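Notes to accompany the following structure.
Every number in this text was worked out from the coordinates using simple rules, so none of it is lab data. This is a predicted model, so every value here is computed, not measured.
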Amino acid sequence: MHTGKRHLSTSAAAARDTALAARGEGASAAPALSSSALDVELAEFRELVLSAGGEIVGEIIQRRLQPDPATLIGRGKVEELTGAAAATNASVVLFSHDLSPTQLRNLEEAVPCRVIDRTQLILDIFARHARTREGQLQVELAQLEYMLPRLTGRGSSMSQLGGGIGTRGPGETQLETDRRRIQRRLVHLKEELEGVRRVRSQQRQRRESVPVPAVALVGYTNAGKSTLFNLLTRAGVLESSRMFATLDPKLKAIQLPSRRKILLSDTVGFIRNLPHTLVTSFRATLEEVQRAEVLVHVRDASDPVGEDHKAEVEKVLGELGVLSKPRIEVMNKSDLLDDEELVALANSGALAVSARTGAGVTLLLDRIDQALVADPISSQDFLVPQAEGAVLAALGAGAVLRERNFEGNMVRMSVSGPDSLLKRYRRFWVK
Ligand SMILES: Nc1nc2c(ncn2[C@@H]2O[C@H](COP(=O)(O)OP(=O)(O)OP(=O)(O)O)[C@@H](O)[C@H]2O)c(=O)[nH]1
Ligand SMILES: [Mg+2]
């Protein structure tokens, strides 16, 4: 049991829940984690707790080869946990594992406070970060579906008012009433979601009538996607050191150095063992990943377990069936590396950028341009009558003019830009 007490540095908005993190170890005969893997997992779990507004007052670790079907952790550990929760006056006990409905019920009976598992914790963070109506509906739906089989009838367990962990999303009133009411709420939510989705797909169809290639930023949570997105678009999308700061997809049109327009999207961060309930909540943002022509995988170059996180991201990309799309890997946060590490990174052929300082970003934009192979950048000479103002304007806006000379009432231009644009004005080509 670690007794180090943590305080949140932000006090205003964050809930001051007191949390006690516990961990059941070694599911289904898996060998116990090595101590460094355990450290990484624990560090990540602490981040999750802090992101949900918790303050950690203690930690208990259990190493077991087989989880206890009744309580996940062993009987002795349950006693230890109960004592520690009482001694620290904890208001929540959090498990870094998921709990079955039975385990949750048994643990709630044993300990003097609420019990929350990993999925519930992540759902809670999602609830905090959902901004659009669709995002909020999706999270509430996921929460209710997760909680329905886990209702314990212990009214007090979810009825705390305020911003504590596990109190976001489904209103307390629904949880205190019976399952039937939750079922009705689920039906209602699904209908409302369908409505919101219809509107969104209409908006998308309108957008797609003007073909602009889509590029999606993907990556592990906290890699710096939103910061990079902001830098690239100056859009002012929320960036934060809290995990899962981005839940709803953010889209913005930007122009590449070739003057080609693309639609850039910022997406929700991935995380190891993403709870399945959440995959549907991700739908909106994952659709953007699926429609994208090019993916930019943003990695944190300073992350000590970056390779593990890369593998996790690629696993999710595989599940989404998008591994065959052109993918640009970006090592972000290069400003945090020392010279030696920077040289090693450069030698490995990686693209180093810093969303904070802007280093490497022009190169990244060029790479995106080159990766859009369906509509490559090419060069063409044009001879356009000066009277064709619309044609001149379109070429000027969507391509780079390398040379321009006036010949009587004609304009001779050497242009480089997206093939599709050049072909649209084929009638003015100089063969
Ligand atoms: N030093 C440094 N910090 C960075 C850089 N890019 C992002 N950060 C910081 O990393 C943290 C996470 O950045 P975000 O942009 O919110 O990360 P994200 O990938 O969008 O995270 P999720 O939305 O949770 O998936 C923030 O504290 C940023 O300020 C960088 O290039 N250098
Ligand atoms: Mg983000």
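Points to keep in mind about this one:
- Computed extension length for ARG133-ARG184: 16.4 nm, one decimal, from 0.36 nm per residue of separation with the Cα-Cα distance subtracted.
- Reachable aspartates and glutamates, given that their alpha-carbon falls under 18 Å from the alpha-carbon of LYS431 and they are not under 8 places away in the same chain: ASP381, GLU403, GLU407, ASP419
- Cα pair distances exceeding 17 angstrom across the stretch 311-420, given as percent: 69 percent
- Legend: residue pairs LYS325/LYS423; LYS261/LYS333; LYS225/LYS333; LYS225/LYS252; LYS310/LYS333; LYS261/LYS423, Cα-Cα distance threshold 21 Å; pairs beyond threshold, LYS325/LYS423; LYS261/LYS333.
- Relative to the current alpha-carbon distance between GLN255 and ALA37, full extension at 0.36 nm per residue lengthens the span by 74.3 nm.
- Overall form of the stretch 377-428 per C-alpha gyration tensor (a/c, 1.5; a/b vs b/c): prolate
- Computed lengthening from ARG64 to VAL199, 0.36 nm per intervening residue step minus Cα-Cα distance: 43.6 nm
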